[in-house]
1. Name the residues in segment 149-172 that are closer than 27 Å to G83 by Cα and either surrounded by 10 or more Cβ atoms within 10 Å (Cβ to Cβ) or touching a residue at least 40 places away in the same chain (Cβ under 8 Å) (or both), would you?
2. Of all residues in segment 147-202 being in contact with a helix residue (DSSP H, G or I) (Cβ under 9 Å, 6 or more places away or on another chain), part of a helix (DSSP H, G or I) and of a type in the set (S, T, Y), which is nearest to E28 (Cα to Cα)?
3. May I ask you to say which residue of G142, G134 is small (G, A, S) and modelled with pLDDT under 95?
4. Kindly indicate which of R86, R75, R54, R113 is at pLDDT 95 or above, surrounded by fewer than 22 Cβ atoms within 10 Å (Cβ to Cβ), basic (K, R) and more than 13 Å from the chain's Cα centre (by Cα).
5. Go through segment 124-145 and give me each residue that's surrounded by fewer than 16 Cβ atoms within 10 Å (Cβ to Cβ) and either part of a loop (DSSP other than H, G, I, E, B) or touching a Gly at 6+ places or on another chain (Cβ under 9 Å) (or both).
6. If you take just the strands (runs of 3 or more DSSP E) that sit entirely in segment 15-116, which of them hold at least 3 residues that are within 15 Å of A140 (Cα to Cα) and among the hydroxyl-bearing types (S, T, Y)?
Amino acid sequence: MPFRDAITDVEQLRQRYRSPSALVQRKESPILDDGACQFIAASPLFVMCTAGSRGADASPRGGPPGFVAVLDDHRLAWADLSGNNRLDSCRNLLEQPSVALWFVVPGVGEQLRVNGTATLTVDPGVLDATMIDGRRAELAIGVDVTMCMIHCAKALRRSGTWDPDSWLPADERPSAAAILKGHLAIDIDQADLEADLEVAYRDTLWSPGGRGVATAD
């Protein structure tokens, strides 16, 4: 059943919100300035958003702070590390290279948003620049940046993301094993599935995926 009372144009949308402040309207930058570079250098995690003929996709990327290399004030890149090898994001980028990145720093409420055009690259110089603890991937993702801006802390403050006192007790948190068991309709003990997941994480966290290409999804 479709949703009712849909908003269908920008004028209808704008009527339901106050106007953005002058500061907010000016905060977009076409380059990676010093503040943006410092934020990226401190971030161990970002989410990459892509879109293709199969729809949109949001995929997390993680590593030690500094795993995303700022190559100059218009370009950044990171090594494509091991994951589930579905290649959802990379396949989208081959169809549609527009990309949006959402960087976070634990304990910091504000986030950094970066938009641009992505390239899947095997350029040796980029692969060297994105090495992590001596590990050199066979594929990197580079982004030619068109926009970056700081995003306000309201969502993370509302959610209490960085406040351990707001977290659910361990026994009330969703279980990946339970969700997988339901998704796949498999007859396997949940504890065994959880153990298998931990073994897979332990053994493949930094390993290359596919034919020697360290791929994240």
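1. Within segment 149-172, L156, T161, W162, W167 meet the criteria.
2. Once the filter is applied, the top-ranked residue is S159.
3. Among G142, G134, only G134 is small (G, A, S) and modelled with pLDDT under 95.
4. After applying the criteria, what remains is R75.
5. Of everything in segment 124-145, those that are surrounded by fewer than 16 Cβ atoms within 10 Å (Cβ to Cβ) and either part of a loop (DSSP other than H, G, I, E, B) or touching a Gly at 6+ places or on another chain (Cβ under 9 Å) (or both) turn out to be M131, D133, G134, R136, D144.
6. In segment 15-116, no matching strands (runs of 3 or more DSSP E) lie anywhere.
The values are calculated or read from the model by the stated rules, or taken from the named source; none is laboratory data. The structure presented is a predicted model; accordingly, all values stated were derived computationally and were not measured. Reconstructed Cβ throughout: ideal geometry from the backbone, glycine too, with neighbour counts over all protein chains shown.
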